[in-house]
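Data first, discussion second: the structure below is written as structure tokens.
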Number of protein chains: 2
Amino acid sequence: MDKLRRTERIAAIMNILINNPNKIFTLSYFCEKFNTAKSTASEDIEIIKKSMQRFRLGQLETVTGAAGGVRYRHAMHIDDAYEFIKGLCDNLSSETRVLTGGFLYLSDILSMPYITKRMGIIIADMFYGDNPDFVLTMETKGIPVALMTAEALNVPLVIARHSSKVYEGPTVNINYVSGSSGRIETMTLPRRAVKAGQKALIVDDFLKAGGTAKGMLDLMDEFSVSVVGKAFVMSTEEPKQKQISGEISLMTLNNSQSLAGKLIVKPAKWLNK
Amino acid sequence: MDKLRRTERIAAIMNILINNPNKIFTLSYFCEKFNTAKSTASEDIEIIKKSMQRFRLGQLETVTGAAGGVRYRHAMHIDDAYEFIKGLCDNLSSETRVLTGGFLYLSDILSMPYITKRMGIIIADMFYGDNPDFVLTMETKGIPVALMTAEALNVPLVIARHSSKVYEGPTVNINYVSGSSGRIETMTLPRRAVKAGQKALIVDDFLKAGGTAKGMLDLMDEFSVSVVGKAFVMSTEEPKQKQISGEISLMTLNNSQSLAGKLIVKPAKWLNK
């Protein structure tokens, strides 16, 4: 092997960091992998940190203490996040997206990995400080965004389901009233999926009346799990009174004239700084 | 802004490439972004390519022609892929995972983003040459792996569901016989989700008799979509005769003594080169 140049080493370190978001690597890890002195590895890290700051390409944090090291976190500058969400809103406000019954078609947006990934990065960025142990979502449409959030946070994704399956073992079930339909639905989670005392971050695609979200809160209560946040891709302006509070969303949907076939999607206010 | 060093530029280019897998970037893009000459950007790319080869950190491909440029593809060396899957198999072969009825608990594995991401990378790597237009899965358990595969391929993830929803517009529905239960089930997909003439890659978590997979094939037929591949996280040894053929899987499950509570999981043979 010819002598390893700093440039090649930096490319490799950057690669490893990004492919392992929110995971702590010790300086020794890089020293051993690249056979360098600590001072050299430390300089490499400084260069990477500087580059990320300069080009708004995420954050490299130094974690001190016995289990210390460096950790890469995806992050989007608030201006970039606003521009990204604004672009989606313009697309979503197209008349061709209004379905019979005044519903908005957004499955195609939620099917694009590069879109859900960026949504997940924006959501994760708000909850790093709360150290959630897992992300919780209810099947099905919210799974992609919830998974991308979980990936950015480097925690498991736990999926609540409508019915229990034989291959999931014993489950805990609750009933909840779906706010939109008024119907009673079941929500189920395997007993082994989470542990008492953990912290959950709820992520879902759509918040209207909040019945499903309330169901997830109740379900976490059954498991003695605390909920550190509730994040949604989109929340509706009507009804104003939701069954939950303290949620954040990326976009708001003006649905006051939905039955007339008019839906307007806007970036959530907190993004427009 | 002080003078941009090559090291910082390389860190930034690596970052952009990895966060946009399987997307072509022209050399001009980097020249403009970093205000450098083509020869300089070209040298940067060569260094990154060399680093990735040396440390088995994915592939950087040069695409020639009018729409040419460079494109990053996640990739795992076959030895690394085998080691990774082997580790999972050892974990999955634990007796504590056998549920009543002889089922295997693997929801926790499929809930870890860093695991499903690597599974998706291994699967995507086998189908780059087939240029699928989208990844298709059936809700719910296969979604994480299917999404990670779609992300690596940079194509949409399309999710077939058990019942149609008002917010998805007109749908195409088919009935299929679930091979395991023998029951007739429904599979549904919005009309707008895919277009005739496209190519699909089917990704799911589990292949037993193949009823669900056969259903997905039939569904694609209804949309005049061709299927370029069928990939599964795990396939069972019994029944030997599946309803589909030509599939690949990452692991095989010896379930001949499942009712006696014995399940053995092994890496698929093709991984052990």
Verdict on B:Asn272 being over 20 Å from B:Ala146 (Cβ atoms) and touching a residue at least 40 places away in the same chain (Cβ under 8 Å): yes
Which numbered condition A:Gln198 fails, given (1) within 14 Å of another protein chain (Cβ to nearest Cβ); (2) over 22 Å from A:Ala152 (Cα atoms): (2)
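Looking only at segment B:11-43, which residues are among the hydroxyl-bearing types (Ser, Thr, Tyr) and assigned to a helix (DSSP H, G or I)?
Residues satisfying the conditions are B:Ser28, B:Tyr29, B:Ser39, B:Thr40, B:Ser42.
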A:Thr188 being more than 10 Å from chain B (Cβ to nearest Cβ) and either more than 22 Å from A:Pro21 (Cβ to Cβ) or not small (Gly, Ala, Ser) (or both): yes
Filtered residue count, segment A:5-23, keeping only those that are more than 8 Å from chain B (Cβ to nearest Cβ) and over 20 Å from B:Asn19 (Cβ atoms): 0
Total residues in segment B:92-105, condition out of contact with any helix residue (DSSP H, G or I) (no Cβ under 7 Å at 6 or more places or on another chain), in contact (Cβ under 8 Å) with a residue 12 or more places away in the chain and not aliphatic (A, V, I, L, M): 3
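Go over the candidates A:Glu61, A:Glu8, A:Glu46 one by one and state the one that is surrounded by fewer than 17 Cβ atoms within 10 Å (Cβ to Cβ) and part of a helix (DSSP H, G or I).
Details: A:Glu61 fails: part of a helix (DSSP H, G or I); A:Glu8 fails: surrounded by fewer than 17 Cβ atoms within 10 Å (Cβ to Cβ).
From the options A:Glu61, A:Glu8, A:Glu46, the qualifying one is A:Glu46.
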In segment B:247-269, the residues that are in contact (Cβ under 8 Å) with a residue 60 or more places away in the chain and either under 20 Å from the mean Cα position of the chain (by Cα) or part of a strand (DSSP E or B) (or both): B:Ile248, B:Leu250, B:Met251, B:Leu253, B:Ile264, B:Val265, B:Lys266, B:Pro267, B:Ala268
Any pair with Cβ under 7 angstrom, 6 or more apart, that starts in segment A:112-128 at a residue that is within 8 Å of chain B (Cβ to nearest Cβ) and surrounded by 24 or more Cβ atoms within 10 Å (Cβ to Cβ) and ends at one that is of a type in the set (Gly, Ala, Ser) and assigned to a helix (DSSP H, G or I): A:Pro113/B:Ala150
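Listed here are the residues, each with its yes/no results for (1) over 20 Å from A:Glu8 (Cα atoms); (2) in the same structural domain as B:Asp133 (by TED's automatic domain parsing); (3) not basic (Lys, Arg).
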position: B:Ile10; (1), (2), (3): no, no, yes
position: B:Ile18; (1), (2), (3): no, no, yes
position: B:Lys23; (1), (2), (3): yes, no, no
position: B:Thr26; (1), (2), (3): yes, no, yes
position: B:Tyr29; (1), (2), (3): yes, no, yes
position: B:Asn35; (1), (2), (3): yes, no, yes
position: B:Thr40; (1), (2), (3): no, no, yes
position: B:Asp44; (1), (2), (3): no, no, yes
position: B:Ile48; (1), (2), (3): no, no, yes
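Going by the structure shown, is A:Thr140 within 24 Å of A:Gln243 (Cα to Cα), at the interface with another protein chain (Cβ under 9 Å from one of its Cβ atoms) and polar (S, T, N, Q)? Break it down into steps so the answer makes sense when it comes.
Numbers: within 24 Å of A:Gln243 (Cα to Cα): yes; at the interface with another protein chain (Cβ under 9 Å from one of its Cβ atoms): yes; polar (S, T, N, Q): yes.
Taking the combined requirement at face value, the residue satisfies it.
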Filtered residue count, segment B:90-106, keeping only those that are crowded, with 19+ Cβ neighbours inside 10 Å and in a helix (DSSP H, G or I): 1
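Quick grid of which residues meet (1) under 29 Å from B:Glu43 (Cα atoms); (2) at the interface with chain A (Cβ under 10 Å from one of its Cβ atoms):
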site: B:Glu61; (1), (2): yes, no
site: B:Thr64; (1), (2): yes, no
site: B:Ala75; (1), (2): yes, no
site: B:Ile78; (1), (2): yes, no
site: B:Ile85; (1), (2): no, no
site: B:Ser93; (1), (2): no, no
site: B:Tyr105; (1), (2): no, yes
Residue match in segment B:26-33 (condition: facing another protein chain (nearest Cβ under 9 Å), more than 12 Å from B:Arg71 (Cβ to Cβ) and in contact (Cβ under 8 Å) with a residue 24 or more places away in the chain): no
From the options B:Ile159, B:Ile202, residue that is within 25 Å of the chain's Cα centre (by Cα), touching a residue at least 40 places away in the same chain (Cβ under 8 Å) and closer than 14 Å to B:Val135 by Cα: B:Ile202
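The values are calculated or read from the model by the stated rules, or taken from the named source; none is laboratory data. The structure displayed is predicted, hence computed values, not measured ones. Here Cβ is always computed from backbone atoms with ideal geometry, including for glycine, and neighbour counts include all displayed protein chains.
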